[in-house]
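Please read the structure below before turning to the comments.
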Amino acid sequence: MSRMRFGAFLAPHHPIGEQPRLQFRSDLDFVEQLDRLGFDEFWCGEHHSTGWETIASPEMFLAAAGERTHRIMLGTGVVSLPYHHPFNVAQRMVQLDHMTGGRAIFGSGPGALASDAHTLCIDPLLQRNRQDEALGVIKRLLEGADRFSYECEWFKIKDAKLQLLPLQDKLPMAVASTISPSGMTLAGKYGTGVISIGSTSTEGLAALATQWKFAEEAAAKHGNVVHRKDWRVLLSWHIAETREQAMREAGEGLMRWNNEYIFDTLKRPGTKRYSSPQEAVEAIAFAPGAATVIGTPDDQVAAVRRLIPLTGGFGTLIGFVHDWANRENTSRSWDMVARYVVPELNGMLDNYRESKDFVINHRDAFEAAGKAVMNKILEHEGATAALAKTKDSRLAMPGHNAPDLLRKN
């Protein structure tokens, strides 16, 4: 595998209570920080209910983020295809790619929230089939297919062709995958990348061991090829200088997120309420097989190194964005990931360490070389007197301690 890439996924999950306009601006500030720190990708989702997930149009948000960033790729994480006419989705993605200077990634999914599907009167049993059907049409449009018509029970197009194609020669695509094989199978069918959202849970993390084979099998069946470098895996983390500090900073927010959103609002199976921040941290971050890291950069490096053999290898590690800690501590957490985790996992510091060890282990050779140079200097007439004069002038400088200098020379 080539170097591991790093990114962030903003669902978003924000506790209710903050002024919405300022919250949107804070999220944009966060994307700007990621761009400065050198992160490779940023993703944001589409949701229409629950109160905690507030971005209804990822394309609009990413267009604004594109104006404040320079290099980071911007992905829809994800557009829920059953909610939209496929032609409109394709048009919006093309516009986003041009507005961001060729930095858009098209991520799609069937829709994650039952409450969204309920509002739109969509049968949940149809959502994955509709994503499949829409993705096939969108892919043809984005690739510049000749005019075509298509009709099914939920949308129609006639003589369809995009009047503007993406700025990128091939717009990157990814489909959302949770614990079931459906996302991986769809990726193989259309030869797209994958963003494994379900890996933020213990069950989802364990399922990664068998997930990639579904993509490969589907790709072979449909004459496509899938690449592990296009596989994105999510983890949750909060990083600080010490494990105890990370637990203090994130504990209360983690408990609130779990109790108020995951348990009370979503009623996610297998979850429970916690009575203290300590209990929440221990259960979510320190239980066997936990998918969450609350600790130091070394803790995160160790967690990712355990993840690589479990999956067989993937291309991008995506951090799940949350409000467990306050903004200052959250910002510092991502800064520490960029400064200490990214270079460690990508071997950027290996040659520094080798160079240091080489100098330490070859001290005799360097000291011998230094002596040889000094002897050569002293062979020249007047060199000894010049050195003595240099010492005398240093002794005369204000602030120098004469005995100390004499000892050094």
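One table, with the values for the structure above:
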item	result
Candidate values [x] 62, 52, 43; [y] 87, 49, 47; [z] 98, 56, 41, label of the one derived for Cα extents along the principal axes in Å	[z]
Rounded to 5, the percent of DSSP beta bridges in the chain classed as antiparallel	10
Overall form of the stretch 36-104 per C-alpha gyration tensor (a/c, 1.5; a/b vs b/c)	oblate
Mean separation of Cα contacts under 8 Å, 6 or more apart, over the residue count of the chain: relative contact order %	15
Value of [θ]222 nm, deg cm²/dmol, for the chain, DSSP H segments ≥ 4, -39500 (n - 2.57) each, nearest 500	-15000 deg cm²/dmol
Per-residue Cβ neighbour rank within 10 angstrom, fewest leading, 301, 137	301, 137
Relative contact order of the stretch 156-303, defined on C-alpha pairs under 8 angstrom at six or more residues apart (%)	22
Between the stretch 179-230 and the stretch 293-312, the Cα center-to-center distance that results, in Å	21
Gyration tensor over alpha-carbon atoms, the stretch 1-131, equivalent ellipsoid semi-axes in Å	25, 19, 14
When each of 139/229; 156/221; 189/213 is checked by Cα-Cα distance, pairs over 23 Å	156/221
Folded to 0 to 90 degrees: helix 383-395 orientation relative to the chain principal axis, Cα	70
For the stretch 1-77 versus the stretch 314-363, the gap between their alpha-carbon centres in whole angstrom	22
Alpha-carbon spread of the stretch 223-381, three principal axes, descending order, Å	88, 51, 26
Per-residue HN-Hα couplings for the stretch 340-356 [Karplus 6.51, -1.76, 1.60; θ = phi - 60°; Hz; x = Gly/Pro]	10, 7, 4, x, 5, 6, 9, x, 5, 9, 4, 5, 4, 5, 5, 5, 4
Packing-based exposure ordering (other Cβ within 10 Å, fewest first) of 59, 143	143, 59
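Bear in mind these aren't lab numbers, they're just calculated from the coordinates by the rules spelled out. The shown structure was predicted, so the numbers you read here are calculated from the model rather than taken from an experiment. Neighbour counts run over all protein chains shown; Cβ positions are idealised from the backbone, glycine included.
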